[in-house]
Amino acid sequence: MGECPFCQIIQGKARAIIVLQNEDVIAINDINPQAPVHILFIPKRHYENVVDAMEQDGSVVERLFRAAIQYAKSSGLSDRGFRFVINCGRDGGQTVPHLHLHLLGDRQMTWPPG
Ligand code: 5GP
Ligand code: ZN
C-alpha cells in the first residue's frame, strides 16, 4: 500500500506523533485535531474500511477498541467521557482509505455531527 498515508507512517516513512503502539495497533495524534484530544487508532495491517476489516478479521476491530479504551482509561479521559468515530466510505466522510478509529475528547461534544 505504497500510497497510503497511514501505511507510510506505520512503515516509518512518514512522521507522526505516536501516543501508543502494540503488536497490531498504532495510535497517533491527528494532524488536524477537532478536539483537544484527537487520536487515531490504526491497525498496522491495511484494511480499506471497517466493513473490509470485519469481513477479513473481525478481531482487529475489537483490538482497536481495546487499545483506545485502554488509552481513555489510563489518561483519565473516560472519567468525563469521550467520543469514538469510524467514518466509512464516501457518504461516511472517510478521507483516508485505511481503517482508523477516532478518539475525541477533552471538550463537550455536540450532536448531531456534521
Ligand atoms: P477520516 O476522514 O478518513 O475519518 O479521517 C482521516 C483523519 O486523518 C483526519 O482527521 C485527518 O486529519 C487525519 N490525517 C490525514 N492525513 C494524516 C497524516 O498524514 N498524519 C496524521 N497524523 N493524521 C492525518
Ligand atoms: Zn494503509
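The values are calculated or read from the model by the stated rules, or taken from the named source; none is laboratory data. The model shown is predicted, which means the values in this text are computed figures rather than measured ones. So basically every Cβ, Gly included, is an ideal-geometry build from the backbone, and we count neighbours across all protein chains shown. For the accessible areas, the whole protein counts, side chains as well, though only heavy atoms, and no ligand, DNA or RNA atoms are used. Shrake-Rupley method; radii C 1.70, N 1.55, O 1.52, S 1.80 Å.
Collect the residues in the stretch 17-53 that are in contact with a strand residue (DSSP E or B) (Cβ under 6 Å, 6 or more places away or on another chain) and closer than 12 Å to Val96 by Cβ, keeping them in residue-number order.
Residues satisfying the conditions are Ile28, Asp30, Leu40, Ile42.
Here's the yes/no breakdown for (1) within 13 Å of the chain's Cα centre (by Cα); (2) over 24 Å from Glu3 (Cα atoms):
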site: Ile18; (1), (2): yes, no
site: Glu23; (1), (2): no, no
site: Asp30; (1), (2): yes, no
site: His102; (1), (2): yes, no
site: Met109; (1), (2): no, yes
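Say we look at the stretch 68-97 and pick out the residues that are assigned to a helix (DSSP H, G or I) and within 16 Å of ligand 1 (Cβ to nearest atom); which of these is least open to solvent (accessible area, probe 1.4 Å)?
Here the residue is Ala68.
For the subset of the stretch 98-114 comprising residues that are in a loop (DSSP other than H, G, I, E, B) and of a type in the set (A, V, I, L, M), which member is least open to solvent (accessible area, probe 1.4 Å)?
Step by step, filter the stretch 98-114, then rank; the result is Leu99.
Anything in the stretch 1-43 that is surrounded by fewer than 17 Cβ atoms within 10 Å (Cβ to Cβ) and within 9 Å of ligand 2 (Cβ to nearest atom)? List them, or say none. Before the answer, list the steps.
We begin by selecting, within the stretch 1-43, every residue surrounded by fewer than 17 Cβ atoms within 10 Å (Cβ to Cβ); these are 1-5, 8, 11-15, 17-24, 29, 31-34, 36.
Met1, Glu3, Cys4, Pro5, Gln8 - these are the residues of the stretch 1-43 that are surrounded by fewer than 17 Cβ atoms within 10 Å (Cβ to Cβ) and within 9 Å of ligand 2 (Cβ to nearest atom).
Read through the list (1) open to solvent by less than 60 Å² (accessible area, probe 1.4 Å); (2) in contact with a strand residue (DSSP E or B) (Cβ under 9 Å, 6 or more places away or on another chain), then give the number of the only condition that Ser59 fails.
Just one mismatch for Ser59, condition (2).
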